[in-house]
Amino acid sequence: MPTMGLFYVAAVLSLTPSILAANGRAIPTFVGFLATPASCLQACADAGWAVCGLESGNECWGADTMGVASGYGQRVADSSCTTVCSGDATKTCGGENAISVYSTTAFPTAPAPAAPVNLADGTFGFSYKNCLRDSSAGYRELATGITTDGKAASCLAACSARSFNLCGLEYGGECWGSNFLVGYASKTLAQSSCSIACTSDTPYLCGGSNALSLYAVTDAALTATRTSLASGSGYSSPLCKTDNSAGHRELPNYLGNTGTVTGCLSACKTAGFAFCGVEYGGECYGGDTLASSATSSTQCTTACASASEDKYLCGGPNALTTYTATCSDPNAATCAPGGAAKTCHNPTKFTVNPTTGKCEKS
């Protein structure tokens, strides 16, 4: 009886293990449990299939074309098909997740699905800019994580709703937004680093491992810079200083992690410290003196962790954005030690010495 010219062409991956539906197989239609290649090929010919496959020793599968997608349909070595046919020990009938393919043509694959792409420019006001390195120093380049349904367009919509000028997709669906990005030009990557399709939106790209598919409202948004808060709660003169350089803190009193510079300054004011510092996105420290080992640093590049103060710098790794308390009347009952123009807001901690007229600790 005719077999429609079916001949052996290749061994291929049979199916995506996590996909059990028919469209998850290279050859989707189960013909039956048939123990020899001859019986399987005859059954395929009788059904009019142009492609036939044998797997796991006795499974027979048929189709008009062979599907190709992520995880199945790719050609593998013939040695992957080593399972002996249950009805003919001289022949092999596929293998583990590998199918012996017979066809009327050389390699009968259906067209491969189109490679995923970035969203079109103008989607929710954003345009794709580049693939960007992320988490390179233990913090996020775009500070705010946003929970979405994993679709690329949903992420841009969420960024737009929050008035973010920068938006990024990472690792198949993570969504991040911000209005500031430090050192954009030095952190761009080859596009191949952002090649993961969105898990919930496979036609589109969603970054890579520690790599963001970066979108921006304008080119100017790429170079917008964060600044230190100039003053607040009676403190001013922000400087960047090294911290923990000699195994101890330059400001010894830890006041918690506020995630904001304004919250840290408020905590320092309540405690009556002459110096205040914020580090690594929100760690807050205070003290009456700043250790002499604290030298100037250029590492205060970390955004404040709270989305409400994403526009401000909150120190960096082992780097403090320090503030000095100020006051207009150094001899007031609420000033700092020595009468210097420092802390003017804690009368329970400092009082004026009637002999010297200077402010001292109570």
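The values are calculated or read from the model by the stated rules, or taken from the named source; none is laboratory data. All values reported here derive from a predicted model rather than from experimental measurement. Cβ atoms come from the backbone with ideal geometry, glycine included; neighbour counts cover every protein chain shown. Surface accessibility is based on the protein's heavy atoms, side chains included, excluding ligands, DNA and RNA. Shrake-Rupley method; radii C 1.70, N 1.55, O 1.52, S 1.80 Å.
Of note:
- Heavy-atom accessible surface of the stretch 240-281: percent carbon and sulfur, 1.4 Å: 51 percent
- When the convex hull of its Cα atoms is viewed from all sides, the stretch 189-287 shows a mean projected area of 10.0 nm².
- Anchor Lys91: aspartates and glutamates whose Cα lies under 20 Å away (excluding residues fewer than 8 positions away in-chain): Glu55, Glu59, Asp78
- Taking the Cα atoms of the stretch 236-332, the ratio Rg/Rh between the radius of gyration and the Kirkwood radius comes to 0.96.
- For the stretch 152-209, a/c is not less than 1.5, where a ≥ b ≥ c are the root eigenvalues of the C-alpha gyration tensor, and a/b does not top b/c. That puts it in the oblate class.
- With the simple spin-label model, which puts each label point 7 Å out from Cα in the Cβ direction, the Ser186 to Thr105 separation comes to 5.3 nm.
- For the stretch 158-270: accessible area per residue (Å², 1.4 Å): 44 Å²
- Peptides 44-57, 115-128 ordered by average Cβ neighbours within 10 Å, highest first: 44-57, 115-128
- Whether the stretch 135-235 is rounded, prolate or oblate, judged on the alpha carbon gyration tensor where a/c under 1.5 counts as rounded: prolate
- Percentage, to the nearest whole number, of Cα pairs in the stretch 114-176 over 13 Å apart: 61 percent
- All other residues whose Cβ lies under 15 angstrom from that of Glu170 are scored, Lys and Arg at +1 and Asp and Glu at -1, for a net of +1.
- Ordering 213-224, 291-302, 310-321 by mean Cβ neighbour count within 10 Å, with the highest value first, yields 310-321, 213-224, 291-302.
- Summing charges over all other residues whose Cβ lies under 15 Å from the Cβ of Val31, with Lys and Arg as +1 and Asp and Glu as -1, gives -3.
- Measuring between their Cα centroids, the stretch 120-180 and the stretch 187-263 lie 13 Å from each other.
- Computed over the stretch 278-327, the ratio Rg/Rh where both radii use C-alpha atoms and Rh is Kirkwood: 0.99
- Partner aspartates and glutamates whose Cα lies under 20 Å from the Cα of Lys187, excluding those fewer than 8 positions away in the same chain, are identified as Asp134, Glu141, Glu170, Glu174, Asp219, Asp310.
- Extension gain (nm, one decimal) between Ala47 and Ser86, 0.36 nm per residue minus Cα-Cα: 11.8 nm
- Taking a Cβ cut-off of under 14 Å around Ser297, the surrounding Lys, Arg, Asp and Glu residues balance to a net charge of -2, with basic ones at +1 and acidic ones at -1.
- Whole-percent carbon and sulfur share, accessible surface of the stretch 187-239, 1.4 Å: 55 percent
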